[in-house]
Every structure is written in C-alpha cells, then in structure tokens.
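Report on one structure; see the data block that follows.
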Amino acid sequence: MSTWQRARRNAGFSAGFSRVIDWLIMRNFAALRVRTGITLPMSGGYIGVANHHAWWDGFAALVAHRRSDPTRRFAIMMSDRELRRFPYFRMAGAFSVDATSVRTARDAILYAAEEAASGTGVWILPDGILRPPQSPLAFTSGFVHAARRADVPIIPLAVRYLFLGRRQPEMLLAIGDPIDPRDKVAQERTQRAVEQLLKTIDDDCVADRLDAAYAIVLGHRSKKSLR
C-alpha cells in the first residue's frame, strides 16, 4: 500500500492560509523582496525548483506563485514525514513523497506531473533536506522527470534570508529563465541556475542594488507588482 499523500485542496482554507502566511512573513521579516525582470509564467503549469535553506522556503514559493496569478492552483512536494506532522498543508496544495521506496517516490513524481500538466504551479525542493546557506546544492532528478512528462518548463528560484541593517532579516527571491526539461542536462542546468541566482542576490547586496533591482512585495515599504 502506498504511504505518500495527495493534496486535498479546500478553496476557503487556501485563501485563509495565504493571508496567514503573509501575516507570518510580515511579523518575522522586515521585507520580502523579489528581483524584478524575470517573473513566473503568467499562465499554464510549471515545475518550480528552489534551494532549501530554511523552513520558510515553501512559504516563499507560495507568495511568489500567488502574486503571479492568484487563480492558478499551487502545489508543493514535502517529505511524507513532515506532511504527516502538518496534515492541514494538504488543503493548501501540499503532497508528499516517500523517498524510502522507489515505487512510491515514482508515484509522487507522476502525481506532480499530472498536476503541472493540468495547469498547476508545482514546487519541488530537490535538495531533499535543509542545507546550510553556503553549502553546495545537490539536486536530485525527480523534478526533471515530472516536467518532461507534463511538458512544462522548469522555473529556477533562489531564496536568501539576510540581515540588512534592520532588527529582522529580509527574504530575497530571484527567479530565473525557464529551462526546457527535454534538455539532456536539464538537472545540471537547473542547479547551476539556482546557484547563479543565489550569487546574484549576494552580489546585489554587496553592490547596494536592492532598492533598484527588487520589488518589495511584503514589508516595510509600499508594495509593488511582480508583473
């Protein structure tokens, strides 16, 4: 019997959950900024891929997703153990992967592909575990298989959490160009893209380009659209 869990969306819960996440971010961060220039696809499904350095990463993906198209369905892959700790996340689009079994891991990847093919923005954190911010990324290949099967683009995302002269840290997001999953080196290209986006964020901080290059979506200044 498969032990992984599918999403069990509830529209009312999802709307309220998004507001709670916005409130939690504004309470715990000075600002959430998104680098301007490249945005998520304005329509259709995609597989979003991000580094996994903090508990907040999935919430960051949700905020970026909702701001690009609030009507598009959201999904995110979690470990089966963590989703069983927080089962209500299923109502917001979370589904699990049981990596202890090849078969159940495959079932979750196929489910991710079905979701993306139906127009959902599906997020996968292919490091699989939380890694320290400066540690090397080590992406597994499941997200590529899901994107190929769904015939949707892979969207790289980098997330940094930095203290920038305020009592609270800031959450900084940078979205990269879409990657064709049919590329034979799509896995390597995606990991390099996220690594480069992380470096871009770091370089922007050093060069004091945040105000010019980033839209503040949540936080201490007026909101700007990601469109």
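Odds and ends about this structure:
- Residue tally, condition in contact with a helix residue (DSSP H, G or I) (Cβ under 7 Å, 6 or more places away or on another chain) and more than 21 Å from R106 (Cβ to Cβ), over the range 47-62: 4
- Residue tally, condition touching a residue at least 60 places away in the same chain (Cβ under 8 Å), hydrophobic (A, V, I, L, M, F, W, C) and over 12 Å from F89 (Cα atoms), over the range 1-31: 6
- Pick from the range 92-133, criterion among the basic types (K, R) and either touching a His at 6+ places or on another chain (Cβ under 7 Å) or in contact (Cβ under 8 Å) with a residue 12 or more places away in the chain (or both), ranking: nearest to S18 (Cα to Cα): R131
- Residues of the range 147-163 that are closer than 21 Å to D211 by Cβ and part of a loop (DSSP other than H, G, I, E, B): F163 alone.
- Pairs, first on the phi > 0 side of the Ramachandran plot and in contact (Cβ under 8 Å) with a residue 60 or more places away in the chain in the range 38-53, second outside any strand (DSSP E or B) and not small (G, A, S), C-beta under 6 Å, six or more apart: none
- Pairs meeting the criteria (first residue in the range 168-196 and farther than 22 Å from G58 by Cβ and of a type in the set (D, E), second residue modelled with pLDDT of 95 or more and assigned to a helix (DSSP H, G or I), beta carbons under 9 Å, at least 6 apart or on different chains) are D177/A193; D180/A147; D180/A186; D180/R189; D183/V144; D183/R189.
- Filtered residue count, the range 164-196, keeping only those that are surrounded by fewer than 16 Cβ atoms within 10 Å (Cβ to Cβ) and closer than 17 Å to D211 by Cβ: 3
- When restricted to residues that are of a type in the set (K, R) and more than 18 Å from G121 (Cα to Cα), the range 73-102 contains 3.
- Within the range 41-64, restricting attention to residues that are surrounded by fewer than 21 Cβ atoms within 10 Å (Cβ to Cβ) and closer than 16 Å to P181 by Cα, the residue that is farthest from the chain's Cα centre (by Cα) is G44.
- Selection over the range 82-105 of residues that are at pLDDT 90 or above and part of a helix (DSSP H, G or I) gives a count of 10.
- Flag for R148 being in contact (Cβ under 8 Å) with a residue 40 or more places away in the chain, within 30 Å of R9 (Cα to Cα) and either surrounded by 15 or more Cβ atoms within 10 Å (Cβ to Cβ) or over 18 Å from the mean Cα position of the chain (by Cα) (or both): no
- Residues of the range 86-106 that turn out to be over 17 Å from A15 (Cα atoms) and buried (at least 16 other Cβ atoms within 10 Å of the Cβ), as a count: 7
- Hits in the range 9-58 - residues which are under 27 Å from H145 (Cβ atoms) and part of a strand (DSSP E or B): Y46, I47, G48, V49, A50
- Residues that are in a helix (DSSP H, G or I) and among the small types (G, A, S) within the range 175-212 comprise A186, A193, A212, listed in sequence order.
The values are calculated or read from the model by the stated rules, or taken from the named source; none is laboratory data. These numbers were taken from a predicted model, which means no experiment stands behind them. Don't worry about glycine lacking a Cβ; one is built from the backbone with ideal geometry, like all the others, and counts go over all protein chains shown.
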